[in-house]
Amino acid sequence: MTESRYRAPLQTALTIALLLITSVALSADPIVLNPENQTNVDEKYIRSILTGTERFWEDGNEVLIAVLKNDPEAEQALNRYSGMTSSKFKNHWQRIAFSGRGKMPKQFNNLEELIEFVNRNPGAIAIVGEGQKRNGATNSPLTLISTIAHHASGPSDPTPPGH
Amino acid sequence: MLPHIKEAKRGLAHATLLCLFCTCGLSQTLSVGGFISTGYLESSHYNYLANTEEGTTDFVEAALNASWTPANRTTLNGQAFLFELGPYGNYEPFIDYLFVEYSYSKEFGIRAGRIKRELGLYTHIQDIDISRTSIILPHGVYDPRYRAFSASLDGAAIYGTFGLPGRQRLTYNLYGGHVNIDPEGGLAGFTLTATSRLTIDNHIETIDSNTNFGAQFWYSPGIEGLRLGYGRSEYYDVDIVSHGTFPSNIPDPNLAGLEFISKAIDTSFALDQFSIEYYVGNWNFAAEYHSSTADITLEQSIGGISIPSRGRNPDFRAWYLQGSRRFGPFEIGLTYAEEPNNWEPEFDTVNASHQKDRQISLRYDATDNWTLKLEAHSIRGTRRLFNQHGQNPVLGQDSWTLWAAKSTITF
């Protein structure tokens, strides 16, 4: 009797909580891929890409990273996914690029140029801010990685790359 | 260096430069970059790295690199480089690296050609000023005068990264090949320094090497920003023959005018380096311990008469601690580096047996592509001072100061 009385509100609360969690997870994935790229990615995989450990996608295309310059939201997203501040990220990639172990991430001043770059390069991956994702990237034919939460296989890889 | 070898190297460097430019239109996946770094050095005493006692701008590095991906998982990478550091470099362009790379997976890749030699945090990026807070890397562990045989080798490497249980990870890089030793470079300088305070007209007759093998491992224990490294590098069949002449005013008149020949044949070196690096937020910390041992068979003669071999296998140790913090476009760093008293003094004063350096560095990223740095060193000891050109004939002062400034533009 008591159990059935509480079951409905409990189910409702759980459903709302699940929706909220999913919503947060979906809105917090400002990663943009070229639509040809069918790779299933999770946060760990994204971390490997942003640190230069994974340099090619599963289909063999080279990873080309694109980031927005001087954009606090994009920097916040970059920090979250790479585990590095933007200055550390730049420094890290300078070490890689100048020793011939990868290509420097492309920096863009505006979203349009960044999206055009991702559209043009099958191996491109871009980090954008929440605002850009809502206002710009969703209107383009790009693949928004809003499914990381579904593919996530575990905690993000927090370790620095071995370059 | 033999003239035809010098010409060949120069030609190869020019050809690579040409290739780097010509490939610009080949593919969307071509990436071209580079940097120009100019600096200033001045010291209170002694001439360290260059003629620093009077202040010098002979402190320049420039590079042009390209990376091209002609096929899936395959890249071609090259960098032409030149530098000027006092008597070293002389603005002559050469190939820093030029290799083809196939990355089969994250766990396994292969590089072949002229590849960068990895040992510790900075050996493979020692020329890249913008990759660090400081201008001069901790001496004893990294010495820019040795870059001719420490930065690159002609050979192959395999590399990769393995995930371990939990969030751990292991990265490896195994390499082997042939290293080129510049007869006017740092190893020659070190060799001639040993005799230059006794003899005159010192010069290198032969300096050559055969093979270099090495491994670098990085272990990430799953703590954000932390990695631990161990690297080992071994050089085999290094031959160094040097000549000098005892001056007429030497205290022992029997030696006056006699030729001194020193031959180190089939020498081998083994270098070990332990590293730790940790970054959190705007903080960055690093420490490294370096040791090297040499297996030397030394044959020496004076006036054609052999003298007993010293029969000694010297070993060197050096370490440093480093911390830095970023404040917006600024970064400030502190370093303590020490090459302790691990080798008995000879020829000189006791100052030459050690060198300790307290260093403060300031970096300012003026724009995305322009970095300025200032640095001050408070140094005790003269262990790292060379004298092959007579630049440091007397080592009477224990404490001295070095200032450095640098401007780097990247593109």
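The values are calculated or read from the model by the stated rules, or taken from the named source; none is laboratory data. Small disclaimer: the values here were computed from a predicted structure and weren't measured. As a convention, Cβ positions derive from the backbone with ideal geometry for all residues, glycine included, and neighbour counts pool all protein chains shown. Surface areas here come from the heavy atoms of the whole protein model, side chains and all, with no ligands, DNA or RNA. Shrake-Rupley method; radii C 1.70, N 1.55, O 1.52, S 1.80 Å.
Of all the residues that make up the stretch B:127-141, how many are free of Cβ contacts under 8 Å to residues at least 60 places away in the same chain and in contact with a Lys or Arg (Cβ under 6 Å, 6 or more places away or on another chain)?
Residues that pass the stated criteria total 1.
Report every pair of residues separated by at least 6 positions or lying on different chains whose Cβ atoms are under 6 Å apart, first residue within the stretch B:203-223 and within 23 Å of B:A156 (Cα to Cα), second open to solvent by 70 Å² or more (accessible area, probe 1.4 Å).
From the stretch B:203-223, the pairs are B:N210/B:Y236; B:T211/B:Y236; B:A215/B:R232; B:F217/B:Y230.
Can you list the strands (runs of 3 or more DSSP E) lying wholly within the stretch B:141-215 that have 3 or more residues being within 26 Å of B:G229 (Cα to Cα) and touching a His at 6+ places or on another chain (Cβ under 9 Å)?
B:152-163
Take the residues in the stretch B:278-305 that are out of contact with any Lys or Arg (no Cβ under 9 Å at 6 or more places or on another chain), under 26 Å from B:Y235 (Cβ atoms) and open to solvent by 30 Å² or more (accessible area, probe 1.4 Å); name whichever of them is modelled with the lowest pLDDT.
If we take residues in the stretch B:278-305 being out of contact with any Lys or Arg (no Cβ under 9 Å at 6 or more places or on another chain), under 26 Å from B:Y235 (Cβ atoms) and open to solvent by 30 Å² or more (accessible area, probe 1.4 Å), then B:D295 is modelled with the lowest pLDDT.
Pick from the stretch B:27-60 the residues that are surrounded by fewer than 20 Cβ atoms within 10 Å (Cβ to Cβ) and within 14 Å of chain A (Cβ to nearest Cβ): which of them is modelled with the lowest pLDDT?
Of everything passing the filter in the stretch B:27-60, B:S27 is modelled with the lowest pLDDT.
Considering only residues that are touching a residue at least 40 places away in the same chain (Cβ under 8 Å), surrounded by 21 or more Cβ atoms within 10 Å (Cβ to Cβ) and not small (G, A, S), which ones fall in the stretch B:96-121?
B:D96, B:Y97, B:L98, B:R111, B:R114, B:I115, B:R117, B:E118, B:L119, B:L121
Scanning the stretch A:107-128 for residues that are surrounded by fewer than 20 Cβ atoms within 10 Å (Cβ to Cβ) and over 21 Å from B:G328 (Cα atoms), which turns out farthest from the other protein chains (Cβ to nearest Cβ)?
Ranking the qualifying residues of the stretch A:107-128, first place goes to A:E112.
Could you check B:I5 against (1) more than 28 Å from B:D365 (Cα to Cα); (2) modelled with pLDDT of 50 or more and say which number it fails?
Here B:I5 meets the rest and fails (2).
For (1) in contact (Cβ under 8 Å) with a residue 12 or more places away in the chain; (2) of a type in the set (D, E, K, R); (3) open to solvent by 30 Å² or more (accessible area, probe 1.4 Å), each residue gets a yes or a no:
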site: B:G160; (1), (2), (3): yes, no, no
site: B:R167; (1), (2), (3): yes, yes, yes
site: B:V179; (1), (2), (3): yes, no, no
site: B:P183; (1), (2), (3): yes, no, yes
site: B:G186; (1), (2), (3): yes, no, no
site: B:F190; (1), (2), (3): yes, no, yes
site: B:T193; (1), (2), (3): yes, no, no
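How many residues, within the stretch B:72-85, are more than 8 Å from every other protein chain (Cβ to nearest Cβ) and either open to solvent by less than 10 Å² (accessible area, probe 1.4 Å) or closer than 30 Å to A:N37 by Cβ (or both)?
Total meeting the criteria: 5.
Only one of these conditions is not met by B:E224: (1) more than 14 Å from every other protein chain (Cβ to nearest Cβ); (2) in a loop (DSSP other than H, G, I, E, B). Which number is it?
For B:E224, the failing item is (1).
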